[in-house]
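Enquirer: I have a structure I would like to understand better, so I am pasting it below and will then ask my questions one at a time.
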Amino acid sequence: MKEIKGIKLDGRVLLAPMAGVTFLPYREFMKPFGVAMSFSEMISDMGLCYGNKETFTYLKTSQKDKPVALQLFGHDVNYTKKAIMILEEQADYDMLDLNFGCPVPKVTKTGAGSAWLKHPSDLYFYVREIVKVSHKPVSCKIRLGWDSQHINFKEVSKLLEEAGASLLTIHGRTTSELYRGKAHYDLLKDFGDSLNIPLAISGDIYDPAFAVEMMNYTKASYIMVARGGIGNPVLISNINRILKGEPLLPSYDKKQQAEAALKLLEMMENYYQNERKTISISRGLLPHFFTGFKGYHALRDELIKSSISLANLQSFLRNLINE
């Protein structure tokens, strides 16, 4: 069993922070498939400081969810420090993760997310101050750089390590690439060996063999699964099985996928106690469970019908199970 600053991790697969996805019921759903540590969707420090009700819903965790990291983003150290005080008073979590990797313009235009990569020295002082006030270990997530002309992850990584980060995650794209093209793992060859803290890698993790290959290639301690795990939770199980030298589980058939989708739906229903919200979130998640199956487009169209009720959605999935 591995440890990060006293946090025991049973495995080497991390569940990536994803906006609109890694809310509590999704994290709880994914945990039994072998997630060693989950990361919440990103939380605005200013949202906490100004008492935004929606922001506070992101703080919820559970014993099933642990160990869990809450991911914070911001651009002003004073707001971030206040937000950490709120987190430590109101949330039960194991690690504080700082987001320096989000490439979305509405985040970067404020100076937050991966916009920090343009100011390495400022980033160093920001993280150093956060490490001083946080009573939880601090991890950081970055990208390779702002664009292809400004690849500076090596410089930034060393500064974050010196500032006191306990874990570093690198997504293998630049900010300007967003999620286009392929992750540039060639730039990360053996990079984990150059660090004194654990390295996690992220980007294009859809295949368990590729995930383990890239861990070995980059000398990373952990692999972070993001979009590849949506609708395909067995991916995490199979990464763990390869790492343990165990045979792979077969891909889920349509019945098994429908069973998994129904379980996630019911977990969301129990958590939100709000039919409209449950259905709204389901439209973005449940179709992924049926990608690649015959009749996918008809299934997707059924799942995302504007008129569908929760009862009808559950009935639809149960019919798939019983086919």
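Enquirer: Please list log₁₀ I(q)/I(0) at q = 0.11, 0.18, 0.21, 0.22 Å⁻¹ for the stretch 111-245, using the Debye equation with identical point scatterers on the alpha-carbon positions.
Expert: -0.40, -1.02, -1.27, -1.34
Enquirer: Give, as a single signed number, the net charge of other residues whose beta carbon lies under 12 Å from the beta carbon of F23, with Lys and Arg counted +1 and Asp and Glu -1.
Expert: Result for the local shell: -1.
Enquirer: Among bridges DSSP assigns within the chain, what percent are antiparallel (round to 5)?
Expert: 10
Enquirer: Pop out the carbon and sulfur fraction of the accessible area of the chain as a percent, whole number, probe 1.4 Å.
Expert: 50
Enquirer: Here's a follow-up. Let me know the charge dipole size of the chain about its Cα centre in debye, to the nearest 20, where only the beta-carbon of Lys, Arg (+1) and Asp, Glu (-1) is charged.
Expert: Using Cβ point charges on Lys, Arg, Asp and Glu, the chain gives about 260 debye.
Enquirer: I would also like to ask the following. Taking the Cα of Y296, stepping 7 Å toward and past its beta carbon, and measuring to each backbone N in the stretch 197-238: which are under 19 Å?
Expert: In the stretch 197-238, the label zone of Y296 (backbone N under 19 Å from the point 7 Å along Cα→Cβ) covers 204-208, 226-236.
Enquirer: Now for a different question. How charged is the neighbourhood of G181? Take every other residue with its Cβ under 11 Å from the Cβ of G181, and add Lys/Arg as +1 and Asp/Glu as -1.
Expert: Local charge sum for G181: +1.
Enquirer: If r is the Cβ-Cβ distance from D253 to F210 and R0 is 22 Å, what FRET efficiency results, to the nearest 0.05?
Expert: FRET efficiency, D253 to F210: 0.45.
Enquirer: Based on C-alpha coordinates, I'd like the Rg and Dmax of the chain, in Å.
Expert: Rg, Dmax (Cα atoms, Å): 19.6, 59.
Enquirer: Right, here's the next one. How high is the relative contact order of the chain, in percent, with contacts defined as C-alpha pairs under 8 Å that are six or more residues apart?
Expert: 14
Enquirer: Would you list the P(r) distribution for the stretch 199-281, with all Cα-Cα distances sorted into 10 Å bins from 0 and each bin expressed as a whole %?
Expert: Using 10 Å bins, I get a P(r) of 17, 38, 27, 16, 2 for the stretch 199-281.
Enquirer: Okay, next question. How far is the Cα center of the stretch 86-150 from the Cα center of the stretch 1-36, in Å?
Expert: Value for the Cα centre distance between the two parts: 19 Å.
Enquirer: How much solvent-accessible surface does S148 expose, in Å² to the nearest 10, with a 1.4 Å probe and all protein chains in place?
Expert: Accessible area, nearest 10 Å²: 80 Å².
Enquirer: Would you mind telling me which residue in L243, L98, L195 has the biggest mean-square fluctuation in a Gaussian network model of the chain, where springs connect alpha carbons within a distance under 10 angstrom?
Expert: Of L243, L98, L195, the most mobile in the Gaussian network model is L243.
Enquirer: Rounded to a whole number of µm²/s, how large is the Stokes-Einstein D of the stretch 133-205 at 4 °C and 1.567 mPa s, given Rh as the Kirkwood radius over C-alpha pairs?
Expert: Estimated via Stokes-Einstein, D reaches 102 µm²/s.
Enquirer: Can you work out the accessible area per residue across the chain, with the rest of the protein chains kept in place, probe 1.4 Å, in square angstrom?
Expert: Using a 1.4 Å probe on heavy atoms only, each residue of the chain averages 45 Å².
Enquirer: Still on this structure, I have one more. For the stretch 120-183, state which chymotrypsin sites (Phe, Trp or Tyr not before Pro) are in a DSSP loop and have at most 16 other beta carbons lying within 10 Å of their beta carbon.
Expert: Passing both the DSSP loop test and the Cβ count: Y179.
Enquirer: A follow-up question, please. Points 7 angstrom from Cα along the Cβ direction at R318 and H288: gap in nanometres?
Expert: Going by the 7 Å Cα→Cβ label model, 2.6 nm.
Enquirer: Right, here's the next one. Given only helices, namely DSSP H runs of n ≥ 4 each adding -39500 (n - 2.57), what is the per-residue ellipticity at 222 nm of the chain, to the nearest 500 deg cm²/dmol?
Expert: Helix contribution divided over all residues of the chain: -12000 deg cm²/dmol.
Enquirer: Give me the one-decimal Kirkwood hydrodynamic radius in Å for the stretch 77-155, with the sum taken over alpha-carbon pairs.
Expert: That comes to 13.3 Å for the stretch 77-155.
Enquirer: Note the count of lysine pairs whose C-alpha atoms are less than 23 angstrom apart in the stretch 30-91, limited to pairs 8 or more residues apart or on different chains.
Expert: Step by step, the pairs that qualify in the stretch 30-91 add up to 7.
The values are calculated or read from the model by the stated rules, or taken from the named source; none is laboratory data. Every value quoted in this text rests on a predicted model; they were computed, and no experiment measured them. Every residue, glycine as well, gets a Cβ built from its backbone with ideal geometry; the counts of neighbours run over all protein chains shown. Side chains are part of the model used for accessible areas, which takes the heavy atoms of the whole protein and leaves out ligands, DNA and RNA. Shrake-Rupley method; radii C 1.70, N 1.55, O 1.52, S 1.80 Å.
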